[in-house]
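Provided herewith is a single structure, encoded as C-alpha cells, for subsequent inquiry.
Please treat every number below as a calculation from the coordinates, not as lab data. Predicted, not measured: the structure shown is a model, and the values here were computed from it. Glycine gets a Cβ as well: all are built from the backbone with ideal geometry, and neighbour counts include every protein chain shown.
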Amino acid sequence: MKLKDLELFIVAPPAPGWGGRYWIFPKLTTDDGITGYGECYASTVGPKAMQAVIEDVFERHMQGENPENIELMFRRAYSSGFTQRPDPTVMGAFSGLEIACWDILGKARNRPVWALLGGRINDRIRSYTYLYPEPGRESAEFWVSPEMAAEAAVRFMNLGFTAVKFDPAGPYTIRGGHEPAMSDITRSVAFCRAIREAVGDRVDLLFGTHGQFSTPGAIRLGRELEPYNPLWYEEPIPPDNLLEFAEVAKSVRVPLATGERMTTKAEFGTLLRAAGVKILQPALGRVGGIWEAKKIAAMAEVFNAQMAPHLYAGPVEWAANVHLAASIPNLLIAETIETGGAFHQKLIRNSIRWEDGYILPPEAPGLGIDFDETVARAHPYTGTQLHLQMQEAPCDYSRPNHFEGGAPSTPT
C-alpha cells in the first residue's frame, strides 16, 4: 500500500463562521484505492500559498511511501531544508496529511483510529465550548457584555456542557505582550462574576486569552480572576516566551493552559521542563499530527500534566482530537464548537455523536467520519485573508477596548 494522490478542499464555513475563515482538508488516496481525510490548521500564509506548501510536503516527503511509516515521514518533514526545529507552516501541512494517513490505516484494518493508538481508555470525552450567541442574535455587543455571556453560559449548561470558555480580556495585537488596560481587567472580572453567579458550581469557567499580555500584566490580571476559581487561564503571554509561562504560574493561583499555537513535542517539552503549564492544548492540525500529540500526552504524564485538545477549525481536526482523547489516560477535556456546530456536522454527515456534554468516540473504521465532498465543494473559500488575523492597533488605555471574539466580521 503506497500513498498515490492528493486532493485539497479549502472550505469557507457560512456565516457567522465559527472556526475561522476557512478550513483546509487534504484527501489522500493509496494505490489500492483507500482514501483518507485530514485537516491542516496552519495560517501563517494565505490559502493559495498554503496549498502549495501542502502539495510540496506531500510530493517531497510522502508520495509513494507506505502510510504506515508515520515516524519516517515526520522525520523527513521535520528535518526538511536542514531545519530539525518547530515550523508551524511545514508542520501544519504535514499534520493534516498525517491525520489522513491514520484515516487510511484504520480503514485498511477495519478499526477506528483509537484502536491503533493503544486502544480506548475513555468511553466518553468531556467537552467544552466557547460562549457563542444564539443563531440569528450575533452582535458586537455580545463579546463585551457580562450579562449576555452569563445568559449564554446558562443556555450551554442546559444543553449539558460542564465547562464554557470566554475571552473578554481585550485585544490581541501584533505588538506582543502588553499591560492590560484597567477597563479590560474590570470587564474580565465582571464576566467571571456574572457567569459564576449564573451557573454556580455546575460549570467550570475557562478563562481564555490569546497571548496578549506581558508577564507582569498576565500576573496582574490572573490574580484578579482567582476568587472565581477558573479551571484554567489560557495562554496569558505570547507563545514565543515559553520560559516566561513559569513566572506567571508561580504567581497566579489559577492553572495555566496553552498550546494551540505551538508545534511538535520540542515546544511542549520545554514548557513541561520549565514547570510553566500543566494543561496542554495541542491543535492536532498544527502540532505534527496524531502520533506527535500522542507522544506529547505521554511526556505530560511524567509531569502530572493533562491534555485538553484545542479546536478552532473544522470537523476533521475535531475527529482527530476525539480519537487521541479516547486513547490517553491524562485527558482533561476536549474542545468542541457548540454541540459540534451545524456546519461542522453537515460536512461529516453527523457522523460524530455528542450527548449530554460528552463526545462519543466513533466506532467506524479510520476517523469514523463520513466526509461530504459535495458540501465541501459547494462552499469554497475565495478570499485572500488568513484563517485568523491579529489587529495592528495597540491596546487603548484612554477608552474601553472594543474587540470581536469568535467569528471574523468579514468573510473575505
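I'd like to know which of A194, L205, P180 lies farthest towards the positive end of the charge dipole of the stretch 126-213, counting +1 on Cβ of Lys and Arg and -1 on Cβ of Asp and Glu.
L205
Measure nothing but the geometry: give the 0 to 90° angle between the long axis through the Cα atoms of 290-302 and the longest principal axis through the Cα atoms of the chain, rounded to 10°.
The helix 290-302 is inclined about 50 degrees to the chain.
Okay, next question. Given Cβ point charges of +1 (Lys, Arg) and -1 (Asp, Glu) and nothing else, what value in debye, to the nearest 20, does the dipole of the chain about its Cα centre take?
540 debye
Using only Cα atoms, find the angle between the long axis of helix 215-225 and the longest principal axis of the chain, and express it within 0 to 90 degrees, rounded to the nearest 10.
Helix 215-225 sits roughly 70 degrees off the main axis of the chain.
Let me ask another. With +1 on the Cβ of every Lys and Arg and -1 on the Cβ of every Asp and Glu, and nothing else charged, how large is the dipole of the stretch 135-228 about its Cα centre, in debye rounded to the nearest 20?
For this selection, approximately 100 debye.
Can you tell me the 0 to 90 degree angle between the C-alpha axis of helix 146-159 and the longest principal axis of the chain, rounded to 10?
For helix 146-159, the angle is close to 50 degrees.
On to the next question. How large is the charge dipole for the stretch 1-158, taken about the Cα centre, if only the Cβ atoms of Lys, Arg (+1) and Asp, Glu (-1) carry charge, to the nearest 20 debye?
340 debye
Among G92, A52, A150, whose Cα sits farthest toward the positive end of the charge dipole of the chain (+1 at Cβ of Lys/Arg, -1 at Cβ of Asp/Glu, about the Cα centre)?
G92
What lysines does K278 reach when the alpha-carbon gap must be under 26 Å and sequence neighbours fewer than 8 apart in one chain are set aside?
K165, K250, K265, K294, K295
Follow-up. If the cut-off is a Cα-Cα distance under 18 Å, which aspartates and glutamates reach K2, setting aside same-chain residues fewer than 8 apart in sequence?
Counting by Cα, and skipping residues close in sequence, K2 has these aspartates and glutamates nearby: D31, D32, E55, D56, E59, E65, E68, E71, E98, D103.
Assuming R0 = 41 Å, can you tell me the calculated FRET efficiency for the pair N304 and D32, based on Cβ-Cβ distance, to the nearest 0.05?
0.40
Counting C-alpha atoms alone, how compact is the stretch 209-284: give Rg to one decimal and Dmax as a whole number, in angstrom.
Cα-based Rg and Dmax for the stretch 209-284 come out at 11.3, 34 Å.
For the stretch 213-270 and the stretch 22-50, compute the distance between their C-alpha centroids and round to whole Å.
Measuring centre to centre over Cα atoms gives 31 Å.
I need the peptides 374-384, 205-215 ranked by packing, meaning the mean over residues of other C-beta atoms within 10 angstrom, with the highest value on top.
Put in order of decreasing packing, that is 205-215, 374-384.
Would you kindly derive the ³J(HN,Hα) couplings of the stretch 137-143 from the backbone phi angles with the Karplus curve 6.51 cos²θ - 1.76 cosθ + 1.60 (θ = phi - 60°), listing them in order in whole Hz, with x for Gly and Pro?
10, 5, 7, 5, 5, 3, 6
Given springs between every Cα pair under 10 Å in a Gaussian network model of the chain, which of P400, P361, P239 has the largest fluctuation?
P400
GNM, the chain, Cα, under 10 Å: largest mean-square fluctuation among P227, P238, P88?
P227
Build a GNM of the chain with springs between Cα atoms under 10 Å: which of F142, F82, F74 gets the top mean-square fluctuation?
Judging by the Gaussian network model, the answer is F82.
Defining a contact as two alpha carbons under 8 Å apart and six or more residues distant in sequence, what relative contact order in percent does the chain show?
Relative CO of the chain lands at 24 percent.
Under a cut-off of 24 Å between alpha-carbon atoms, report the lysines in cross-link reach of K48, not counting same-chain residues fewer than 8 places apart.
K4, K27
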